[in-house]
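The values are calculated or read from the model by the stated rules, or taken from the named source; none is laboratory data. As the structure is a prediction and not an experimental result, all values here were calculated from the model. A quick note on method: Cβ atoms are made from the backbone with ideal geometry, for glycine too, and the neighbour counts reach across all protein chains shown. Ligands, DNA and RNA are excluded from the accessible area calculation, which covers all protein heavy atoms including side chains. Shrake-Rupley method; radii C 1.70, N 1.55, O 1.52, S 1.80 Å.
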Amino acid sequence: MLRVPYSDLYEALHKTMQHLGLKGNRASLCARLFADTTRDGVYTHGLNRFPRFEAMIRNGSIDVDAEPERIAGFGSIERWNGHRGPGNLNAHAAMQRAITLAKQHGLGAVALANTNHWMRGGTYGWQAADQGMFAMCWTNTLANVPAWGSATPVIGNNPLIIAIPRPQGHVVLDMAMSQFSYGSLDAYTRRRAPLSVPGGYDTEGNLTTDSAAIEASQRALPIGYWKGSGLSLVLDMMAAMLSGGLATHQLPLDPLHESGLSQFFLAIDPANLASAAELAHIADGVIANLHDAPPIDAARPLRYPGEQTLRLREENLSLGVPVNPEIWQQINLI
């Protein structure tokens with residue numbers, strides 16, 4: 001793995017975005033979102049995801065000129081149409097609008113239809129927490145996980161993000177509905193490393209830690225077995241119904257044409273409920289209690305969701321951001 005300065009990564013991505021047809025602030029924001037995701041250690045959804053993003057622009061699944069549009073609204077909730085524009089730009093705009101609504105009403109929600117893959121879902125949790133907001137958001141995906149009791153993929157891994165602002169480090173949960181996202185499975189396969197716990201089934205129906213076998217069978221394991229299967233289903237229903245968009249079973253099965261997704265963004269402004277000091281005191285107490293728990297493995301202390309992100313962010317800004325040499329070369333040739 002090659003390390004490059006964050007500024008070099010951003011500049012290369014910015015140049016590439018412009019080459020692909022994005023203009024002005026949209027090109028710079030799209031490049032920053034990709035660069036920040038890579039900086040924060042979510043390599044599967046940062047630079048490593050860029051070749052798929054580029055391919056979807058070239059095959060017409062992503063319209064680089066399309067911008068999200070407000071379709072309807074009442075009070076603190078609105079419906080938006082993403083017009084199949086770049087997914088990370090649509091999601092960023094939707095969360096920012098939810099934040100604006102929350103500042104006006106205490107709560108703000110945007111249901112977004114007809115959009116594309118949002119890359120790292122946690123991005124929009126960090127976006128809200130950085131502005132002092134609690135937040136939840138989720139997206140549906142193509143059918144890539146079997147519902148509990150079936151061997152056929154009919155539900156999506158539908159990532160769910162929950163963000164809690166905290167001065168000493170935001171708590172940001174970013175989780176797929178499968179035990180391992182397909183991006184993570186691919187990363188394990190590339191490293192030829194076994195999964196830490198069984199992540200799905202092989203073609204013979206056996207639970208396995210072999211990521212390549214799970215990719216081949218398309219039988220990723222839902223988190224919590226039937227519980228994750230049910231959670232995936234209701235997240236899909238809420239996003240599609242509230243946005244008026246497509247549900248998982250209506251999305252193209254080809255990952256390079258996975259367009260028309262439905263998403264939901266909720267922001268909560270705690271400003272009129274409690275002081276920042278009171279909220280920080282509660283959060284710090286929860287984190288301290290977690291850190292005080294004796295770990296099973298002394299070399300692996302307990303950490304809260306987002307703690308590893310902060311560590312990797314600092315490390316990668318100091319040492320350089322790890323990049324895949326082949327992809328790095330490709331974007332520098334565009």
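Exactly one residue out of T248, T208 is surrounded by 18 or more Cβ atoms within 10 Å (Cβ to Cβ) and under 21 Å from the mean Cα position of the chain (by Cα), and it is T248.
So, in the range 300-329, of the ones that are assigned to a loop (DSSP other than H, G, I, E, B) and farther than 20 Å from V171 by Cβ, which residue ends up most open to solvent (accessible area, probe 1.4 Å)? Once the filter is applied, the top-ranked residue is N324. When the range 29-44 is filtered for residues that are open to solvent by 30 Å² or more (accessible area, probe 1.4 Å) and either more than 22 Å from D63 (Cβ to Cβ) or not charged (D, E, K, R) (or both), the ones remaining, listed by number, are L29, R39, V42, Y43, T44. Considering (1) open to solvent by 10 Å² or more (accessible area, probe 1.4 Å); (2) over 17 Å from the mean Cα position of the chain (by Cα), the lone condition that M133 does not fulfil carries the number (1). One residue alone among T100, T115, T139 is open to solvent by 10 Å² or more (accessible area, probe 1.4 Å) and of a type in the set (V, I, T), and that residue is T100. Scanning the range 251-283 for residues that are part of a helix (DSSP H, G or I), surrounded by 14 or more Cβ atoms within 10 Å (Cβ to Cβ) and not small (G, A, S) gives P255, H257, L279.
List the residue pairs whose Cβ atoms are under 7 Å apart, where the first residue sits in the range 218-240 and is on the phi > 0 side of the Ramachandran plot, the second is hydrophobic (A, V, I, L, M, F, W, C), and the two are 6 or more positions apart or on different chains. Here the result reads Y225/W148, each pair linking the range 218-240 to a residue that is hydrophobic (A, V, I, L, M, F, W, C).
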